[in-house]
Amino acid sequence: MDLMKALLLLSLLLISSCRSVSNLPPIGTVASVDLTRFAGDWFVIANIPTFIETQAFNAIESYSEPVGSKIATTFSFNQGGFDGKKKMYHPTAFIREGSGNAVWGMQFVWPIKAEYRIVYLDTDYQFTIIGRSKRDYVWLMAREPIIAETDYDRLLKIIAEEGYDLGKIRRVPQQIL
């Protein structure tokens, strides 16, 4: 069943990629990413969710150390509540050459690679924003499950400046264990 959901997600991403983005200014990315520092767990604080994330609780995106131009990834969350069924997906990220490690193709199912752009990354590697040129999905992530409201508001401002509709943002419930 999870494979079917992943296939459906990829189909939706492909359909949404058919929309024209020529009327939007190019989305920014950071100049470079140290992939060793970027590796590890990132708590999803807020997002414009894909269909599988609309009821995600305790969402965590985990990146392994890169092997060549590939990064093994695990996306996990509880479905529908803190005690909901644990869901896990294992896409592979492919780093785009010449992007300073800031543009990836995220592959859930071969041969489709969804665009994944590191729009923002603080110097301490504590906060990141991942976006797409179409502005259809965005993920605000942090190394801790709960962040200060001042940080949240500052990061939302960056998301808005990149052309996202903040009305579509969903704050992902996180529970400190």
Name every residue in the range 166-177 that is of a type outside the set (Val, Ile, Thr) and either touching a helix residue (DSSP H, G or I) at 6+ places or on another chain (Cβ under 9 Å) or within 13 Å of Pro49 (Cβ to Cβ) (or both), in order of residue number.
Leu166, Lys168, Arg170, Arg171, Pro173
Gly167 over 13 Å from the mean Cα position of the chain (by Cα) and either on the phi > 0 side of the Ramachandran plot or part of a strand (DSSP E or B) (or both):
no
Looking at the range 149-161, is at least one residue touching a Ser or Thr at 6+ places or on another chain (Cβ under 6 Å), within 22 Å of Thr29 (Cα to Cα) and modelled with pLDDT of 95 or more?
no
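Quick check on my filter: what residues within the range 109-119 are at pLDDT below 90 and under 20 Å from Leu140 (Cα atoms)?
Within the range 109-119, the first condition is being at pLDDT below 90, and the residues that meet it are 109-115.
Residues satisfying the conditions are Ala114, Glu115.
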Among the residues of the range 83-106, how many are charged (D, E, K, R) and modelled with pLDDT under 95?
2
Number of the exception - Ile60 against (1) out of contact with any helix residue (DSSP H, G or I) (no Cβ under 8 Å at 6 or more places or on another chain); (2) farther than 20 Å from Thr128 by Cβ
(2)
Residue by residue through the range 135-177, note down the ones that are surrounded by fewer than 17 Cβ atoms within 10 Å (Cβ to Cβ) and of a type in the set (Lys, Arg).
Arg143, Arg154, Lys157, Lys168, Arg170, Arg171
Just need a number here: residues in the range 71-95 that are exposed (fewer than 14 other Cβ atoms within 10 Å of the Cβ), within 14 Å of the chain's Cα centre (by Cα) and within 12 Å of Phe57 (Cα to Cα).
0
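The values are calculated or read from the model by the stated rules, or taken from the named source; none is laboratory data. Small disclaimer: the values here were computed from a predicted structure and weren't measured. Don't worry about glycine lacking a Cβ; one is built from the backbone with ideal geometry, like all the others, and counts go over all protein chains shown.
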